[in-house]
Amino acid sequence: MVSGDFTGGAAIAILAENMLSASYTREAERAADAFSLALLKKANVSVDGFATYFQTLESETVGPELPEYLSAHPSTAGRGDAARAFAETQSRTEPIFASSEWRALRMIWA
């Protein structure tokens, strides 16, 4: 690509715009994660599952992850780490469902 011609210049402009947009989207995702974690904490619900979700997602991802600066989302590992650190700040939590309710819910998905 030659950066001096119209095509090269347009490609650079599009790439720059996408990177700026991705940065905004990453910040929005981080804010959504923080909001969700705060709601779970306020409801005395453990956020361990939130952290485990991202750790599982990362372990099941095939191939390399995009560098965060090119992605519209924060890194999966970073989201899991942030949620795990947040979980460690919780002192007391209560289950959302009783054991029998969890069993019934699992039967629906089986």
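Candidates are the residues of the stretch 42-81 that are touching a Leu at 6+ places or on another chain (Cβ under 8 Å) and touching a residue at least 40 places away in the same chain (Cβ under 8 Å); the one that is surrounded by the fewest Cβ atoms within 10 Å (Cβ to Cβ) is Ser46.
Of all residues in the stretch 84-110, those that are farther than 13 Å from Val45 by Cα and in contact (Cβ under 8 Å) with a residue 24 or more places away in the chain total 1. In the set Ser36, Ser91, Ser100, only one residue is under 17 Å from the mean Cα position of the chain (by Cα), at pLDDT 85 or above and of a type in the set (S, T, N, Q); that residue is Ser36.
Within the stretch 35-49, the residues that satisfy the criterion of being out of contact with any Ser or Thr (no Cβ under 7 Å at 6 or more places or on another chain) and not acidic (Asp, Glu) are Phe35, Ser36, Leu37, Ala38, Leu39, Leu40, Lys41, Lys42, Ala43, Val47, Gly49.
On the stretch given as the stretch 82-104, residues that are among the hydrophobic types (A, V, I, L, M, F, W, C), more than 20 Å from Ala28 (Cα to Cα) and surrounded by 11 or more Cβ atoms within 10 Å (Cβ to Cβ) total 4. Can you confirm whether Ile96 is in a loop (DSSP other than H, G, I, E, B) and of a type in the set (A, V, I, L, M)? Criteria met by Ile96.
The values are calculated or read from the model by the stated rules, or taken from the named source; none is laboratory data. Since this is a predicted model, take the numbers as computed values, not measurements. FYI the Cβ positions are ideal-geometry reconstructions off the backbone, even for glycines, and counts take in every protein chain you see.
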